[in-house]
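These notes are about the structure you will find just below.
Derivation of every value follows stated rules applied to the coordinates shown; laboratory data play no part. For clarity, every value in this text was computed on a predicted model and none was experimentally measured. Cβ coordinates were reconstructed from backbone atoms using ideal geometry, including for glycine residues, and neighbour counts include every protein chain displayed.
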Amino acid sequence: MLFRAESLPDALNYVALMLNLHESPTSHQFFELGYFLKPQTMLYLILCSIFAFCPKRVLQPIYSERPAALGVRIVLSFVLLMYSAMLLSTSTYNPFIYFRF
């Protein structure tokens, strides 16, 4: 971003625009969360936050040392990994831009 600017004032102006420091008609415009996130992503965030803030005693059967529980965790982790890889490969946004070259 700084290398794109032709001069230092242009670079500082660009940074000010990114940080919303200039007064403009859209400088105080706020968007709802749904504007940036798809409903599917919002559902994942809600589910993850429920599990993240759930008391340990509620999730104790999942974290037991029994072989069956360990197997279920391994299988679920692998399924989530494959599902995440499929979502990354089929979406229009790919954070791994260097894979395109």
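What order do you get for 49-57, 37-45 when each peptide is scored by the mean count of other beta carbon atoms within 10 Å, highest first? Present the calculation step by step, with values, prior to reporting the outcome.
Working: 49-57: 8.3, 37-45: 11.3.
In decreasing order of mean packing, 49-57, 37-45 become 37-45, 49-57.
The simple spin-label model puts a point 7 Å past each Cα toward its Cβ; for residue 49 and residue 86 those points are separated by 2.7 nm.
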